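**Q** Right, I'll just put the structure down here and ask away after.
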Amino acid sequence: MDRTTDHKALAAIDLGAQSCRVSVLRWNNNQPQIQLAHRFPNSPRQTSTRLCWDVKAIFTGINQGLRIAAAKAPEGIASIAIDGWAVDYVRLLEDGSPVADAFCYRDPRTEQAEREVHAILPASRLYAATGVQILRINTLYQLYADKLAGDDPKLPWLNVPEFMTYCLCGKRVSEYTNATHSGLVALGSHQWCETIFNELGLDAAAAPQIVPSGSILGNLQGDLAQLPEFRDTKVIVPACHDTASAIAAIPAIGDDWAFISSGTWSLVGTVLDSPCVSDAARAANFTNLGGVGGKICFLKNVIGMWLLRQCTEEWEKLGERWSLPDLLSACAKMPTPTSLIDVDEPQLMLPGNTIHKMNEQLRRTGELPLSCDHSGVPAIANLVFHSLAARYAEVLSAIAKITGKNLKRLFIVGGGNQNTLLNRLTAERTGLEVILGSTESTTVGNFAVQLAALEGHTNPSTGVSADSVARWAARLVSQSVAQLSDPAH
């Protein structure tokens, strides 16, 4: 055990689009052990005017989870860090309270915003300025949608993980990996792009200061700080973007590997030392997102388990309830579909009528639509899995060609890597050696950054050392006996 943690525990919060988790890392005979302390549901809710996140409920869940974590760690908690999904944000009033619940990135308001932004700043210019994939969910388009709605552009904002961090310690910052996902950070820098703010009439003063991964913001404040377990607890920003945190948990060396962070989204990419914004990268709409230690996560968003989740919700309305193992077993006996779908068709990103949208694609290729009844369920799931694997292979082939890497290994991390059929189909389609990482890689990466930060292995501009984080990740993956099923408390 290193002196940096003083034998105290650590707490990691991972905010997800379906559920949020509070985990605790404790030391047993000098070995790290990770346990889930609290899990609570999370999903966007539709009001009459917006699709949004209930930020008060999320923070209530965090607060409850941290109290449970404290009860599990009487030795005290050295630090807390929060990661989560990117792009969505909370606007703040003068007293620091939210103006309203955060819009969900799936809200259709950004469709008009994207068109109007590109009329001022074409996609080619935006990509050259930031190196970020053009997606209408990016914070850039959401801020412009606020402007179109007449909202006050001077109101300060914080991305959701950093807002929850702000609630814990009172420091308003934007962590580097999460900031880059906004589409507002200047290429190859840790600074906001003034050109974009100026030309779109957005207020740069409303944006928070960008800080590197592993920055220690100060001590925990508020009611929680009164608990003895939280005496002198530090609040740290990890890789606040959950994908960057998941990638930080891959203890790989060499330059022959790629990754898929598989969850609601599938993030398919590789790690680079510097951005890649070649004509080929721009044409294929690859993104250059910040990674731990100032690295670049060169990747592409592919709609992931979202498709299966949407189909499952439709099946349940019809009385069809299938467990994942039963569904995979049924699909494994089926042949490859004669026609696949484009999983990245924009309409599939929006909730509702997913099976109908998939069938519309099939009709356009001359295929018969698939039935939603009991006999048709496996065929729909089989179509989703084969289509996802084909898309993964297409993206990975493009990565190898654009970067010049000779890819041999593919690490699949995140909860989606429990889909054994999709893993097999991906291996067959790509020809790569598939290596399964932790299903809780985001949490592992969060803890690895905290441990590196507490050691003091940091650089003022790039934050924690990528090598130090990788060493901790390797130790956590190999030695931590994770008990991450739902706790019985």
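The values are calculated or read from the model by the stated rules, or taken from the named source; none is laboratory data. Just so we're clear, the structure is a prediction, and the values are computed from it rather than from any experiment. Note: ideal-geometry Cβ built from the backbone for every residue, glycine included; neighbour counts use all protein chains shown. The area values use the complete protein model at the heavy-atom level, side chains included, leaving out ligands, DNA and RNA. Shrake-Rupley method; radii C 1.70, N 1.55, O 1.52, S 1.80 Å.
**Q** Only residues in region 152-167 that are over 13 Å from L217 (Cβ atoms) and of a type in the set (V, I, T) count as the first member; pair them with residues that are open to solvent by less than 10 Å² (accessible area, probe 1.4 Å) and assigned to a helix (DSSP H, G or I), Cβ under 8 angstrom, at least 6 apart or cross-chain, and list the lot.
**A** V160/V55; V160/I58
**Q** Looking only at residues in region 338-354 that are out of contact with any strand residue (DSSP E or B) (no Cβ under 7 Å at 6 or more places or on another chain) and buried (at least 19 other Cβ atoms within 10 Å of the Cβ), which one is farthest from W265 (Cα to Cα)?
**A** L340
**Q** Condition (residue is modelled with pLDDT of 95 or more, surrounded by fewer than 19 Cβ atoms within 10 Å (Cβ to Cβ) and of a type outside the set (G, A, S)) applied to region 34-41: is it met by at least one residue?
**A** yes
**Q** Are there any helices (runs of 4 or more DSSP H) wholly within region 49-168 with 2 or more residues that are over 30 Å from V235 (Cα atoms) and open to solvent by 50 Å² or more (accessible area, probe 1.4 Å), and if so which?
**A** 110-120, 123-130, 139-148
**Q** Name the residues in region 391-429 that are in contact (Cβ under 8 Å) with a residue 40 or more places away in the chain, polar (S, T, N, Q) and in a helix (DSSP H, G or I), would you?
**A** T403, N417, Q418, T420, T426
**Q** Starting from residues that are in contact with a helix residue (DSSP H, G or I) (Cβ under 7 Å, 6 or more places away or on another chain) and farther than 22 Å from N138 by Cα, keep the ones in region 208-218 and report whichever is least open to solvent (accessible area, probe 1.4 Å).
**A** Within region 208-218, the match that is least open to solvent (accessible area, probe 1.4 Å) is G214.
**Q** Oh, and also: When you look at V481, is it part of a loop (DSSP other than H, G, I, E, B) and either of a type in the set (A, V, I, L, M) or at pLDDT 95 or above (or both), yes or no? Before you say what the answer is, go through the steps one by one.
**A** Values: part of a loop (DSSP other than H, G, I, E, B): yes; either of a type in the set (A, V, I, L, M) or at pLDDT 95 or above (or both): yes.
For V481, the condition - part of a loop (DSSP other than H, G, I, E, B) and either of a type in the set (A, V, I, L, M) or at pLDDT 95 or above (or both) - is met.
**Q** Here's a follow-up. Exactly one condition in (1) closer than 23 Å to C169 by Cβ; (2) surrounded by fewer than 22 Cβ atoms within 10 Å (Cβ to Cβ); (3) at pLDDT below 95 is not met by A225; state its number.
**A** Going through (1) closer than 23 Å to C169 by Cβ; (2) surrounded by fewer than 22 Cβ atoms within 10 Å (Cβ to Cβ); (3) at pLDDT below 95 one by one, A225 breaks only (3).
**Q** Say we look at region 109-133 and pick out the residues that are within 20 Å of the chain's Cα centre (by Cα) and not β-branched (V, I, T); which of these is farthest from D146 (Cα to Cα)?
**A** The extreme case among them is G131.
**Q** Please specify each residue of region 169-188 satisfying the condition of being at pLDDT 95 or above and either over 21 Å from the mean Cα position of the chain (by Cα) or part of a loop (DSSP other than H, G, I, E, B) (or both).
**A** C169, G170, K171, R172, S182, G183, L184, A186, L187
**Q** Looking at this structure, is I77 touching a helix residue (DSSP H, G or I) at 6+ places or on another chain (Cβ under 9 Å) and among the β-branched types (V, I, T)?
**A** yes
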